[in-house]
1. Please determine whether any residue of region 132-144 is in a loop (DSSP other than H, G, I, E, B), in contact with a Pro (Cβ under 8 Å, 6 or more places away or on another chain) and either open to solvent by 50 Å² or more (accessible area, probe 1.4 Å) or not hydroxyl-bearing (Ser, Thr, Tyr) (or both).
2. How about region 67-104: which of its residues are open to solvent by less than 10 Å² (accessible area, probe 1.4 Å) and β-branched (Val, Ile, Thr)?
3. Considering only residues that are open to solvent by 10 Å² or more (accessible area, probe 1.4 Å) and in a strand (DSSP E or B), look in region 53-66 and name the one that is nearest to Lys12 (Cα to Cα).
4. Which of the residues spanning region 84-112 are among the hydrophobic types (A, V, I, L, M, F, W, C), in contact (Cβ under 8 Å) with a residue 60 or more places away in the chain and not in a helix (DSSP H, G or I)?
5. What is the one condition in (1) within 25 Å of Leu140 (Cβ to Cβ); (2) open to solvent by less than 50 Å² (accessible area, probe 1.4 Å); (3) not hydroxyl-bearing (Ser, Thr, Tyr) that Lys34 does not satisfy?
6. Of the residues His47, His76, only one is without any contact (Cβ under 8 Å) to a residue 60 or more places away in the chain and not β-branched (Val, Ile, Thr); which?
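The values are calculated or read from the model by the stated rules, or taken from the named source; none is laboratory data. Treat the numbers as computed from the prediction; the structure is a model and nothing was measured. Here the Cβ positions follow ideal geometry from the backbone for every residue, glycine too, while neighbour counts run over all protein chains shown. The area values use the complete protein model at the heavy-atom level, side chains included, leaving out ligands, DNA and RNA. Shrake-Rupley method; radii C 1.70, N 1.55, O 1.52, S 1.80 Å.
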Amino acid sequence: MSTYLAKARRGKIRWRLLDADGWVLGRLAAQASKVLTGKSAADFTPHADHRDGVIVINAEKIRLTGNKLDQKIYRHYTGYPGGLREISARKVMETRPERIIREAILGMLPKTRLGDRYATRLKVYTGATHPHGAQTPETLTFAR
């Protein structure tokens, strides 16, 4: 008997809604990356696109454990010599809390063309509203 390999899916993307209120950052990111990559599906195949998208709301209500608010550093490079910028997680939470969740989830996705496609299906918003009501997202609930 041979191993079952799912065919590449065509058609609409199944959107899932994930509320970040009260979640620990890494645990939320792990669950979201499983949905994006299709690992939560019964017919998971590594090279196949499973056509799932994730919408994360309430990004400002995410939790970081321990001293990570002060000790975790986010870095980006401006492109100029000496242009490495460092900012603490506390400052990022005040200014752009959706960036923290987005970077955590993208770090758990494969670094391939397929991973880039998954990344386009990740939408993160502060607040309880999102502009994707027409896609009728299903609400995801996980045990914490």
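1. Step one: list which residues in region 132-144 are in a loop (DSSP other than H, G, I, E, B), which gives 132, 136-137, 140-144.
Checking which are in contact with a Pro (Cβ under 8 Å, 6 or more places away or on another chain) leaves us with none.
The answer is no; no qualifying residue exists.
2. Residues satisfying the conditions are Val92, Ile100, Ile101.
3. Checked region 53-66; the qualifying residue nearest to Lys12 (Cα to Cα) is Ile57.
4. Met108, Leu109
5. (2)
6. Details: His47 fails: without any contact (Cβ under 8 Å) to a residue 60 or more places away in the chain.
Sole residue among the options that is without any contact (Cβ under 8 Å) to a residue 60 or more places away in the chain and not β-branched (Val, Ile, Thr): His76.
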